[in-house]
1. Out of the residues in the stretch 55-83 meeting the condition of being assigned to a loop (DSSP other than H, G, I, E, B) and in contact (Cβ under 8 Å) with a residue 24 or more places away in the chain, tell me which one is nearest to Ala16 (Cα to Cα).
2. Can you tell me which residues in the stretch 1-23 are outside any loop (DSSP other than H, G, I, E, B) and either within 19 Å of Asn54 (Cα to Cα) or at pLDDT below 70 (or both)?
3. In this structure, is Gly26 of a type in the set (Gly, Ala, Ser), in a loop (DSSP other than H, G, I, E, B) and at pLDDT below 75?
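The values are calculated or read from the model by the stated rules, or taken from the named source; none is laboratory data. Not measured: the values here are computed from a predicted model. No Cβ is skipped: glycine too gets one built from the backbone with ideal geometry, and neighbour counts run over all protein chains shown.
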Amino acid sequence: MRELKFDANLGFQQEAIHAITDIFLGQKVCSSNFTVRKTVEEINLHEDVQGYSNRLELLPEEIMENIHAIQLRNGQAQSPEAITRTMNFSIWMETGTGKTYV
């Protein structure tokens, strides 16, 4: 089995990263209280973990505008579908070697 090597400094991988993160362009970083519970095995690890909630403040229309901008930037046809309550995104990334990762 081949090993997937990721180098965030390669242009095509930077484009893939931006295609993902730009979906949420305009989302504010916000704090909220939530609880993370450790399992019995994790209690003894003595590591501090800071978590971030995923409270989405963008409207579905704003997310769709971001998606359309990403598609336009990448020469893709714009998705006609409206955003539903749950979002599921597929990211296809060309590796530069003729292979595509999904």
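1. Only one residue fits best here, namely Asn74.
2. Ile17, His18, Ala19, Ile20, Thr21, Asp22, Ile23
3. In short, no.
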